[in-house]
Amino acid sequence: MSLNEDIINRFYSAFQKLDYQTMNDCYSEDIVFSDPVFMILRGDEVRAMWEMLCKNAKDFSLNFSNIELLDEEYATCRWTASYTFSKTGKKVVNKIKAYMKLENGKIIEHSDAFRLSTWIGQALGWKGVLFGWTGFMKRAVQKNARKNLAIYMEKRNQATDH
């Protein structure tokens with residue numbers, strides 16, 4: 001197994017156990033992450049997002065497959081997360097394709113691709129099914145996710161200051 005494949009396996013194996021410390025250890029200091037919910041995050045924002053998601057996960061399971069090394073830097077894989085969305089109690093099965101750029105044994109860029117309207121429909125129920133495709137609903141979900149991350153980071157920083 002190549003170093004890059006090993007790093008990706010390590011990242012998702014840690015994710016299966018909700019081990020955000022090991023996940024974040026797979027990233028470079030200046031990691032750049034993007035997905036349809038959080039949009040673009042950098043550095044500590046990325047690490048805090050995984051910590052928040054892992055700590056708040058309910059009924060969580062994850063599988064990953066199809067790690068494909070495109071060249072010495074780029075790789076993709078597929079992963080599926082199943083969990084209960086804490087705000088609504090709705091079951092979500094999110095099928096994702098990850099794109100990663102790796103350098104010196106670390107992930108330096110990570111992008112997760114999935115259909116946001118499908119996620120909204122599962123997470124928010126009938127309102128999400130009816131309105132999840134609209135720009136208004138997508139922006140509201142994105143704004144709320146960023147707000148929750150900012151609140152989480154503020155609380156985390158206050159806890160470490162004391």
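Can you confirm whether Phe38 is under 23 Å from Lys143 (Cβ atoms) and aromatic (Phe, Trp, Tyr)? Considered against the rule, which asks whether it is under 23 Å from Lys143 (Cβ atoms) and aromatic (Phe, Trp, Tyr), Phe38 comes out as yes. Name the single residue, out of those in segment 90-104 being more than 17 Å from Cys77 (Cβ to Cβ) and not aliphatic (A, V, I, L, M), that is surrounded by the most Cβ atoms within 10 Å (Cβ to Cβ). Ranking the qualifying residues of segment 90-104, first place goes to Lys90.
Trp126 fulfils the conditions (1) out of contact with any Cys (no Cβ under 7 Å at 6 or more places or on another chain); (2) surrounded by 14 or more Cβ atoms within 10 Å (Cβ to Cβ); (3) aromatic (Phe, Trp, Tyr) except for a single criterion, (2). Filter segment 105-145 down to the residues that are in a helix (DSSP H, G or I) and among the β-branched types (Val, Ile, Thr) and list them by number. Across segment 105-145, the qualifying residues are Thr118, Ile120, Val129, Val141.
Within segment 59-81, is even one residue of a type outside the set (A, V, I, L, M, F, W, C), closer than 18 Å to Asn144 by Cβ and over 11 Å from the mean Cα position of the chain (by Cα)? Step through it out loud before you land on a result.
Our first condition is that a residue be of a type outside the set (A, V, I, L, M, F, W, C); within segment 59-81, this holds for 59, 61, 63, 65-66, 68, 71-74, 76, 78, 80.
Of the ones still in play, those that are also closer than 18 Å to Asn144 by Cβ are none.
The answer is no, given that none of the residues of segment 59-81 is of a type outside the set (A, V, I, L, M, F, W, C), closer than 18 Å to Asn144 by Cβ and over 11 Å from the mean Cα position of the chain (by Cα).
Give me the pairs, please: first residue somewhere in segment 78-90 and within 21 Å of Ala14 (Cβ to Cβ), second residue anywhere and part of a strand (DSSP E or B) and among the β-branched types (Val, Ile, Thr), beta-carbon distance under 6 Å, and either six or more positions apart or on two chains. Taking only residues 6 or more apart or on different chains, the pairs are Trp79/Ile96; Ser82/Val93; Tyr83/Val92. Taking the listed residues Met153, Met100, the one that is within 23 Å of Gly43 (Cβ to Cβ) and assigned to a strand (DSSP E or B) is Met100, with no other qualifying.
Here's the yes/no breakdown for (1) under 13 Å from the mean Cα position of the chain (by Cα); (2) assigned to a loop (DSSP other than H, G, I, E, B):
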{"site": "Asn4", "(1), (2)": "no, no"}
{"site": "Asn9", "(1), (2)": "no, no"}
{"site": "Leu18", "(1), (2)": "yes, yes"}
{"site": "Arg47", "(1), (2)": "yes, no"}
{"site": "Glu51", "(1), (2)": "yes, no"}
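In segment 143-162, the residues that are surrounded by 11 or more Cβ atoms within 10 Å (Cβ to Cβ) form Cβ pairs under 8 Å with partners that are outside any helix (DSSP H, G or I), at six or more places apart or across chains, as follows: Ala145/Val37; Ala145/Phe38; Arg146/Phe38; Arg146/Met39; Leu149/Phe38; Leu149/Leu41.
Report yes if Val46 is buried (at least 16 other Cβ atoms within 10 Å of the Cβ) and aliphatic (A, V, I, L, M), otherwise no. Give the derivation first.
Working: buried (at least 16 other Cβ atoms within 10 Å of the Cβ): yes; aliphatic (A, V, I, L, M): yes.
When the stated conditions are applied, Val46 passes them.
Each reported figure results from applying straightforward, stated rules to the coordinates on display, with no laboratory input. Note that this is a predicted model, so its numbers are computed, not measured. No Cβ is skipped: glycine too gets one built from the backbone with ideal geometry, and neighbour counts run over all protein chains shown.
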